[in-house]
1. Specify the residue that is nearest to Leu143 (Cα to Cα); the eligible residues are those in segment 488-539 that are of a type in the set (Phe, Trp, Tyr) and not in a helix (DSSP H, G or I).
2. Considering only residues of segment 554-602 that are in a helix (DSSP H, G or I) and modelled with pLDDT under 85, which is least open to solvent (accessible area, probe 1.4 Å)?
3. Confirm whether Leu257 is within 32 Å of the chain's Cα centre (by Cα) and either surrounded by fewer than 16 Cβ atoms within 10 Å (Cβ to Cβ) or on the phi > 0 side of the Ramachandran plot (or both).
4. List the residue pairs whose Cβ atoms are under 7 Å apart, where the first residue sits in segment 387-416 and is in a helix (DSSP H, G or I), the second is of a type in the set (S, T, N, Q) and surrounded by fewer than 21 Cβ atoms within 10 Å (Cβ to Cβ), and the two are 6 or more positions apart or on different chains.
5. Which pairs turn up if I take residues in segment 121-149 that are open to solvent by 70 Å² or more (accessible area, probe 1.4 Å) and look for partners that are not hydroxyl-bearing (Ser, Thr, Tyr) with beta carbon separation below 6 Å, at least 6 apart in sequence or on another chain?
6. Which pairs have Cβ atoms under 6 Å, sit 6 or more apart or on different chains, and link a residue in segment 500-515 that is assigned by the TED database to the domain that holds Val543 to one that is modelled with pLDDT under 85 and crowded, with 17+ Cβ neighbours inside 10 Å?
7. Anything in segment 535-582 that is of a type in the set (Asp, Glu) and farther than 26 Å from Arg235 by Cβ? List them, or say none.
8. Considering each of Val314, Val362, Val356 in turn, give the residue that is farther than 28 Å from Ser388 by Cα and crowded, with 19+ Cβ neighbours inside 10 Å.
Amino acid sequence: PPWQICVSKCPEHYMTYLSAHGNRTALEYYRNFCSPEFKGPAKAALEVLRDRECPAMLIPSTPLARRCFPAIQAKKGVIMVGNKTTYDDGRGGRRNVTELLEGAKKANVVLETRQLAMKIFEDYTVSWYWIIIGLVIAMVASLIFIVLLRFLAGIMVWVMIVMVILVLAYGIFHCYMEYAKLKGEAGSDVSLTDLGFQTDLRVYLHLRQTWLAFLIILCVLELVIVLLLIFLRKRILIAIALIKEASRAVGHVMSSLLFPLCTFFLLCLCIAYWASTAVFLSTSNEAVYKVFNESACPFSGQTCRPETFNTSNVTRQCPDAQCLFAFYGGETAYHKYLIVLQFFNVFMFFWLANFVIALGQVTLAGAFASYYWAFKKPDDMPAFPLFSAFGRALRYHTGSLAFGSLVLAIVQVIRVTLEYLDHRLKAAENKFAKFLLSCLKCCFWCLEKFIKFLNRNAYIMIAIYGTNFCTSARNAFFLLMRNIIRVAVLDKVTDFLFFLGKLLIVGSVGILAFFFFTQRIKLVQDTAPPLNYYWVPILTVIVGSYLIAHGFFSVYSMCVDTLFLCFLEDLERNDGSAEKPYFMSQNLRKLLKKTNKGQPDA
């Protein structure tokens, strides 16, 4: 770092130490900016500067962020510092103050950032309670949407399917009209191969062959979707019925909607522990000082100690040499392998975070599984299904959760290692190495997604049967493979509904916040607080609404997945007899034309 010292007041005059050295009055003023080791004019000026006891130059400055920066100002377009346009460089020459601008640019950025932060903080202080009201509205809207899915899931899905078919039909009609309109026009019959590649893509729109290609593609898509609807209509109905059943299950286990807060708190603890450990490791290095010099010196680049440098042999052989800070590090084995400890810390963070997420998933799965396997819903359910599932998970399944989290953490650490290698090899010219690294990153990304999917379903089987992780993962995988089409249909239907729900909640709350904070609602125009930047509370409400909606829908998604696996198990294990009755709801039994003997469906 540059030479620096704490002072009570920033300098107000131009002055160099060489000019002040022979002037008692000037030297007394200069002493305010020297280190305590400075003894006065008894020491030669060059020795004072070499030993860094005083700065070589003083410049009129102003305080900013506890630092003294050049007092730059513009008068009638002329840059000035301390009402002067030039300053003495200490060597008998004059320099223009514009040379100080580069050093003060970052100071202006700091000042502007500080002012921006203060204004944002002021906006939060006057609008925080309205932000909380907006987030409460988002929470209520998420809850209402989940309740309404029991009644509107089927309507929303079929309306969306019909809209997709109509949009494709209009696309086919539009392509045909464009194809017919270009008939006989000059140049429209040129083939795409003859035209070749063009940077202006609008050229292709004047060719009949382009619209013919679009027409064929849209017709094929329309035909595929219609055929899928014909052959998968029953599976779509089953997916809709399971979504409605999940809404009922959440209604009977309302405490599950607040459980993500527990998971979030535990994740915050994991992040805090990882961050504090990483900071401790990073700051456990030692400051390394090395010899720097302008002329030839045999000690150049060697480590040194600032406390004893001035009395060492180095200063006698190299008078212009200085002992300056180089970097933080060390020469011991601990410091050399510090990066290994950081990687281990990252690995433990992934393991703990995945364990916390797994604990939340198996708890929710246990609660919703108790709803499905209750023969008389909800009378046969335990009194506190969520707490019972949480207790079972901690008492019996911590080993299985830890093992599943370990497998996922290993893959994630490998991905982090590949990203680290990719960062280190960016400057390399070996294209094969870059290609291989990109392939590995893609493969491990896919592997991570697959393991997350497998773990999620394995935890559901653990919650249902209490088997170990490997057995549960195997059973869940083969159960899903035997019903792969149902899995695909249910996954896409739920993805669509959750996307629609998040879009509806975030969009409606965001629009409401925009009209409120910009004072465009006349009824509450005087209630809205005055703001520096109205986008601050609006963005906060939008991001918070998304997180709240995501939290609610993550519970709902876990409920759907759990009921789906329970439903598949129910179909394979039971046959509707008195000894093996179906546990599914009456609506699902009607849809599949299944009955429990001795229990006629109403």
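1. Among those residues, the one meeting the criterion is Tyr534.
2. Leu588
3. Considered against the rule, which asks whether it is within 32 Å of the chain's Cα centre (by Cα) and either surrounded by fewer than 16 Cβ atoms within 10 Å (Cβ to Cβ) or on the phi > 0 side of the Ramachandran plot (or both), Leu257 comes out as no.
4. Ser400/Asn468
5. From residues that are open to solvent by 70 Å² or more (accessible area, probe 1.4 Å), the pairs are Ile137/Val509; Met139/Ile548.
6. Qualifying pairs under 6 Å: Gly501/Phe145.
7. Within segment 535-582, Glu579 is the sole residue that qualifies.
8. Val314
The values are calculated or read from the model by the stated rules, or taken from the named source; none is laboratory data. Just so it is clear, the structure is predicted and the values come from calculations on it, not from any experiment. Reconstructed Cβ throughout: ideal geometry from the backbone, glycine too, with neighbour counts over all protein chains shown. Surface areas here come from the heavy atoms of the whole protein model, side chains and all, with no ligands, DNA or RNA. Shrake-Rupley method; radii C 1.70, N 1.55, O 1.52, S 1.80 Å.
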